[in-house]
Amino acid sequence: MVSDVHGNARDLARAGEGADALICLGDLVLFLDYADHSRGIFPDLFGEENADRIVELRTARRFQEAREFGARLWGGIGTDRAAAIEQAVRKQYAEMFAAFPTPTYATYGNVDMPPLWPEYARPGTTVLDGERVEIGGRTFGFVGGGLKSPMRTPYEISDEEYAAKIEAVGEVDVLCTHIPPEVPELVYDTVARRFERGSRALLDAIRRTHPRYALFGHVHQPLVRRMRIGATECVNVGHFAGTGKPWALEW
């Protein structure tokens with residue numbers, strides 16, 4: 001089980017060793033590494049010094065200034081922003097999907113670009129979003145993406161759309177999502193120093209349907225990585241990019 005791979009293809013290729021299946025909860029793309037500002041699409045295009053500055057602005061929650069700063073950078077290089085980002089994402093996806101073992105079950109993260117996934121998902125990789133599947137005799141539900149935020153990442157959807165996907169999954173043994181339930185200890189990132197968006201609909205579903213596990217990523221350095229909500233064990237299975245170590249689910 002991995003989440004928030006963010007470009008770590010080397011460790012991803014070994015993540016499924018000895019397991020019946022690999023589960024990936026999204027964020028394959030590395031746009032900007034908050035721990036190492038030299039890594040990702042942004043510093044590749046604009047340099048580490050500019051990456052330092054935009055991280056500084058975002059960490060200070062000066063999101064409008066960060067957007068204006070980014071817009072000036074894009075204007076200065078005279079290239080089509082969407083095309084440049086898509087080209088960089090495609091390069092990363094080719095490497096990431098090639099590293100997936102068979103079988104892999106995956107859903108999208110908030111920085112992913114779902115329309116591109118069908119081009120790269122090979123036989124043996126099953127992509128699920130708002131859907132359920134049986135793995136090893138247990139029912140797994142998958143809900144990808146994130147909620148609307150000041151970061152304006154590629155796959156952010158409305159609370160209503162997200163809640164509908166949670167409802168479509170229904171009762172499962174293991175509920176797999178990219179973002180965590182809306183619990184302060186699970187959504188606060190101690191390095192970025194901000195609360196990320198968690199889902200109230202997900203929290204309500206956990207309390208209502210009592211899955212054995214609720215697994216997620218998104219928050220790279222949370223205050224708490226693991227806690228119980230009633231009968232459900234909630235586990236943050238990221239940040240794979242930094243640790244390179246999968247989390248194992250056994251029964």
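With Cα atoms defining each centre, the stretch 148-175 and the stretch 196-251 are spaced 14 Å apart in the structure.
Highest GNM mean-square fluctuation, the chain, Cα pairs closer than 10 Å: which of 62, 72, 226? Of 62, 72, 226, the Gaussian network model singles out 72 as fluctuating most. Put simply, the Cα atoms of the stretch 1-110 extend 48, 29, 21 Å along their principal axes, the longest span coming first.
Applying the criteria of a DSSP loop state and at most 13 other Cβ atoms within 10 Å to the GluC sites (Glu not before Pro) of the stretch 146-228 yields 171.
Per residue of the chain, the DSSP helices (runs of n ≥ 4 H) give a summed -39500 (n - 2.57) that works out to -10000 deg cm²/dmol at 222 nm. Span-like helix criteria (full DSSP H runs; alpha carbon extent of at least 20 Å along the helix axis; mean Kyte-Doolittle hydropathy of at least -0.5) are satisfied in the chain by 63-77, 81-99. At what distance in angstrom do the alpha carbon centres of the stretch 31-56 and the stretch 110-124 lie from each other? Taking the Cα centre of the stretch 110-124 as reference, the centre of the stretch 31-56 is 24 Å away. Gain on full extension, evaluated as 0.36 nm per residue between residue 90 and residue 121 minus their Cα-Cα distance, stands at 9.9 nm. Full extension of the chain segment joining residue 157 with residue 77 gains 25.8 nm, where the gain is 0.36 nm per residue of separation less the Cα-Cα distance. For the stretch 9-65, applying the loop criterion from DSSP together with a ceiling of 15 other beta carbons within 10 Å to the GluC sites (Glu not before Pro) yields 17. In a reduced charge model with +1 at each Lys and Arg Cβ and -1 at each Asp and Glu Cβ, the stretch 79-119 shows a dipole moment near 40 debye about its Cα centre. Relative to its Kirkwood radius, the Cα radius of gyration of the chain gives an Rg/Rh of 0.96.
Counting only residues at least eight positions apart within a chain, or on another chain, the lysines with an alpha carbon under 25 Å from that of residue 165 are 148. Overall, the accessible surface of the chain at a probe of 1.4 angstrom is composed of carbon and sulfur to the extent of 48 percent.
The values are calculated or read from the model by the stated rules, or taken from the named source; none is laboratory data. The structure presented is a predicted model; accordingly, all values stated were derived computationally and were not measured. Neighbour counts are summed over all protein chains in view; Cβ atoms, including those assigned to glycine, are modelled from backbone coordinates with ideal geometry. To get the accessible areas, we keep the full protein, side chains included, count just its heavy atoms, and leave off ligands, DNA and RNA. Shrake-Rupley method; radii C 1.70, N 1.55, O 1.52, S 1.80 Å.
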